[in-house]
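Let me begin by presenting the structure, written as structure tokens, before commenting on it.
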Amino acid sequence: MSEPGRDSLTALRREIASLSPKKRVDRLLERKDALKVVRALPAQDLFSTIQEVGLDDCLELLELCAPKQVQAFLDLDGWRGDRVDPVAMSRWLHALFTANPDRAVGQLRGLDLELLTLLVKASCQIYDLSIEEQPEGEVGLHTVTPDQRYLIVYGGVTDDERTQLVLKEAIERLMGRDMFFVLRLCEAVRCELPSQLEEDAFRWRNGRLADLGFSPKHEAMALFAWRDPDAPLPDVSVAPPRRDDDEPGTDLSTSVVFPWEALESGTEAFAQAAAALPEATRARVLHDVMMTANRVQCAEGGDLGDPGSLRATVRSVIESVGVGLSYRAAGDAAKLGELLGTKPVAALFSVGNSLALKLQRELQARIRARDSGLDDAGLLRLDTPLRETAAGLLRPRPRLFSGLIDARRVDFRAPASLVELAALSRAVSEIGFRGALLGARGLGVTEAALAARGLDDPTEQPSHGQVLGALVLASLVETGDPAPAPLDDDTLRAAQRKLEDDAGCADAVARLVHRCRGFAPLPGAPGPDEVEQRTRAYAMSVLAAVKDELHAVGAPEGRFLATVWTTRARPITRKDDDA
């Protein structure tokens, strides 16, 4: 049976990357050289396939895996933070011995001794019979080494019966393969401290995962550090990944986790750039995308064992890289491929992320500004979608609230284009303007003013739109310039009757707008004319929402309205009910 050629192996990996997980497994197992092919695949691809299909349905594939691949599976799925998960480890060990007990011994023998010692120590008590150590009470499930030196009693710290049975089978089969190894294991279990074993195993695990891009969180967070989007970028200096003939593959350029549909959209910057690259360069870029995504997954605390979560992270990285490409290309589509082929993927990702960070800093500056109207609970008084937009931008890694682009969506994600960044920029400007317009510099809806009305709880305070809606309706039924205040039901009914008078509505908005001219300058509106223009646009959108709501009801009751600041009816208590 000959070693599969590099070219044919690459072709196979490209083929299986486009298949469903189950068909991927079938395609691998049907090959005559399945053992060599499986052991040549990257452990991350095998792991993702097994996770998506299900461990119990991948036993034929699992028995073909090399010990280093099995170690990688445990590295990815057998830890919760910096602590070993014995139940998860047991699940994998049980599957290995169910798949092929003889081959499982070799796979187990290839694991870190520290990790194996820790697993045995968590589920066994070992007594040295040569010094007449004996367990107290009745001995249950146990093994005695052939030299009568050690008594291994399964149970104690961990009472999971399946784990104990798996370890018993593993240890007894190891005795038949390598008795000296078992004796070393018993001595280590007796002498080593669990804390030191776990620390050593965790360190070895982190070193292996770092080779796949899964860096420790504090190191991975460097990806999100500020980078001047206009500063020069370094050139690519990393050679394409290689592997020794007896080592599992490390090339992730054909990863089964990669969202390949991202390369099919000819209108997206990343897809355009990738299409312009030579095949070898494109393979290096796709590998770097996966390595960068693995780092991002670690930085964001994502589950390393969840292929779906990782695939979403890869897609997010592609979008951020596309933003960085678009910005640096400055509208020249011909430069997209050149940039992607010569600049590190991580650097382009940082450019895209820093453009969002720039907007985050702008929003933070607006909040800190004197009389911004956005401090304390001011942000909570923003209207949807500006309130959620601010919340997304202020996250450690800035996010776009998708409802800003599409009112049907409520998720948060990384900005995927310069168009979306432009929408975010306009939103930040509008947030600053509305905060000042309604705050101390403008209409005077401040924390103190609201507290004087008994509205100390931010959840009970009106939104900017509700305040403006109340002012417009009050202007319809009153003369002069009414102060911001909640409307009672009588005023609401009077205003409802006048909403059909388009001229009256226009006059009410005009009086409010004229009043606001005197607040200039405001953020994003340096002069009276700019203040008037922006206030009019805001007031007209509020008026349209108020009309829609009031037209849909008969006699309006303030406690049921969402677009206007109203007095709320006092809830009926048991005492009132009895009266």
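The values are calculated or read from the model by the stated rules, or taken from the named source; none is laboratory data. Quantities reported herein were computed from a predicted structural model and do not represent experimental measurements. Counting neighbours? That spans all protein chains shown, and the Cβs are built from the backbone with ideal geometry, glycine included.
With respect to Leu421, is the statement that it is touching a residue at least 60 places away in the same chain (Cβ under 8 Å), over 19 Å from Ala525 (Cβ atoms) and assigned to a helix (DSSP H, G or I) true? Considered against the rule, which asks whether it is touching a residue at least 60 places away in the same chain (Cβ under 8 Å), over 19 Å from Ala525 (Cβ atoms) and assigned to a helix (DSSP H, G or I), Leu421 comes out as yes. Of all the numbered requirements in (1) among the basic types (Lys, Arg); (2) surrounded by fewer than 17 Cβ atoms within 10 Å (Cβ to Cβ); (3) within 21 Å of Gly322 (Cβ to Cβ), Arg361 misses one, and that requirement is (3). For region 127-139, the criterion of being small (Gly, Ala, Ser), in a loop (DSSP other than H, G, I, E, B) and loosely packed, with under 14 Cβ neighbours inside 10 Å is met by at least one residue. When region 417-461 is filtered for residues that are of a type outside the set (Ser, Thr, Tyr), touching a helix residue (DSSP H, G or I) at 6+ places or on another chain (Cβ under 7 Å) and farther than 19 Å from Glu530 by Cβ, the ones remaining, listed by number, are Leu418, Leu421, Ala423, Leu424, Val445, Pro458, Gln461. For region 474-497, which residues satisfy the criterion of being assigned to a helix (DSSP H, G or I) and surrounded by 14 or more Cβ atoms within 10 Å (Cβ to Cβ)? If the condition is that a residue be assigned to a helix (DSSP H, G or I) and surrounded by 14 or more Cβ atoms within 10 Å (Cβ to Cβ), then Ala474, Ser475, Leu476, Val477, Asp489, Thr491, Leu492, Arg493, Ala494, Ala495, Gln496 are the ones that fit.
Inspect all residues belonging to region 490-497 and state whether any of them is farther than 20 Å from Val542 by Cβ, modelled with pLDDT under 95 and not assigned by TED's automatic domain parsing to the domain that holds Arg387. Within region 490-497, one or more residues are farther than 20 Å from Val542 by Cβ, modelled with pLDDT under 95 and not assigned by TED's automatic domain parsing to the domain that holds Arg387.
For every residue, the table says whether it meets (1) of a type in the set (Gly, Ala, Ser); (2) at pLDDT 90 or above.
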position: Ser8; (1), (2): yes, no
position: Phe47; (1), (2): no, yes
position: Leu55; (1), (2): no, yes
position: Ala72; (1), (2): yes, yes
position: Ala95; (1), (2): yes, yes
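The rows are residues; the columns are (1) touching a Pro at 6+ places or on another chain (Cβ under 9 Å); (2) farther than 21 Å from Gln69 by Cβ.
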{"position": "His94", "(1), (2)": "no, no"}
{"position": "Gly137", "(1), (2)": "no, yes"}
{"position": "Leu151", "(1), (2)": "yes, yes"}
{"position": "Asp178", "(1), (2)": "no, no"}
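Of the residues making up region 57-93, those that are out of contact with any Ser or Thr (no Cβ under 8 Å at 6 or more places or on another chain), of a type outside the set (A, V, I, L, M, F, W, C) and not in a loop (DSSP other than H, G, I, E, B) are Asp57, Glu60, Pro67, Lys68, Gln69, Gln71, Asp75, Asp77, Arg80, Arg83, Arg91. Each residue in region 442-469 was checked for being assigned to a loop (DSSP other than H, G, I, E, B), buried (at least 20 other Cβ atoms within 10 Å of the Cβ) and aliphatic (A, V, I, L, M), and 2 pass. In region 460-487, the residues that are over 21 Å from Arg387 (Cα atoms) form Cβ pairs under 9 Å with partners that are of a type in the set (Asp, Glu) and in a helix (DSSP H, G or I), at six or more places apart or across chains, as follows: Ser475/Asp507; Leu476/Asp507.
Considering only residues in region 187-217 that are among the charged types (D, E, K, R) and surrounded by fewer than 16 Cβ atoms within 10 Å (Cβ to Cβ), the one that is farthest from Leu151 (Cα to Cα) turns out to be Lys217. Across region 97-126, the qualifying residues are those that are over 19 Å from Asp178 (Cα atoms) and modelled with pLDDT of 90 or more, and the one among them that is surrounded by the most Cβ atoms within 10 Å (Cβ to Cβ) is Ala99. Which residues, counting only those in region 218-235, are modelled with pLDDT of 90 or more and either surrounded by fewer than 14 Cβ atoms within 10 Å (Cβ to Cβ) or hydroxyl-bearing (Ser, Thr, Tyr) (or both)? Selection gives Ala222, Ala225, Trp226, Asp228, Asp230, Ala231, Pro232, Pro234, Asp235. Of the residues making up region 28-56, those that are in contact with a Phe, Trp or Tyr (Cβ under 8 Å, 6 or more places away or on another chain) and either part of a loop (DSSP other than H, G, I, E, B) or of a type in the set (Lys, Arg) (or both) number 0. Could you check region 212-230 and list, in sequence order, the residues that are in contact with a Ser or Thr (Cβ under 7 Å, 6 or more places away or on another chain) and either in a helix (DSSP H, G or I) or without any contact (Cβ under 8 Å) to a residue 24 or more places away in the chain (or both)? If the condition is that a residue be in contact with a Ser or Thr (Cβ under 7 Å, 6 or more places away or on another chain) and either in a helix (DSSP H, G or I) or without any contact (Cβ under 8 Å) to a residue 24 or more places away in the chain (or both), then Leu223 is the only one that fits.
Working only within region 10-32, note down all residues that are of a type outside the set (A, V, I, L, M, F, W, C) and either in contact with a strand residue (DSSP E or B) (Cβ under 9 Å, 6 or more places away or on another chain) or within 18 Å of Gly54 (Cα to Cα) (or both). If the condition is that a residue be of a type outside the set (A, V, I, L, M, F, W, C) and either in contact with a strand residue (DSSP E or B) (Cβ under 9 Å, 6 or more places away or on another chain) or within 18 Å of Gly54 (Cα to Cα) (or both), then Ser20, Pro21, Lys22, Lys23, Arg24, Asp26, Arg27 are the ones that fit. If the condition is being among the charged types (D, E, K, R) and more than 34 Å from the chain's Cα centre (by Cα), then region 98-128 contributes Asp102, Arg103, Arg109, Lys121, Asp128. If only residues of region 380-411 that are among the charged types (D, E, K, R) and under 20 Å from Val467 (Cβ atoms) are counted, the one that is surrounded by the most Cβ atoms within 10 Å (Cβ to Cβ) is Arg381. Could you please find all residues in region 257-277 being touching a residue at least 12 places away in the same chain (Cβ under 8 Å) and either assigned to a loop (DSSP other than H, G, I, E, B) or surrounded by fewer than 13 Cβ atoms within 10 Å (Cβ to Cβ) (or both)? Matches in region 257-277: Val257, Phe258, Pro259, Glu268, Ala276, Leu277.
A search for C-beta distances below 6 Å between a residue of region 323-347 that is farther than 15 Å from Ala271 by Cα and any residue that is assigned to a helix (DSSP H, G or I) and not acidic (Asp, Glu), counting only pairs 6+ apart in sequence or on different chains, returns Arg328/Leu339; Ala346/Thr292. Taking every residue in region 142-170 that is farther than 21 Å from Phe181 by Cβ and of a type in the set (D, E, K, R) and pairing it with any residue that is modelled with pLDDT under 90 and surrounded by fewer than 16 Cβ atoms within 10 Å (Cβ to Cβ), at least 6 positions away or on another chain, the pairs with Cβ-Cβ distances below 8 Å are Asp160/Val87.
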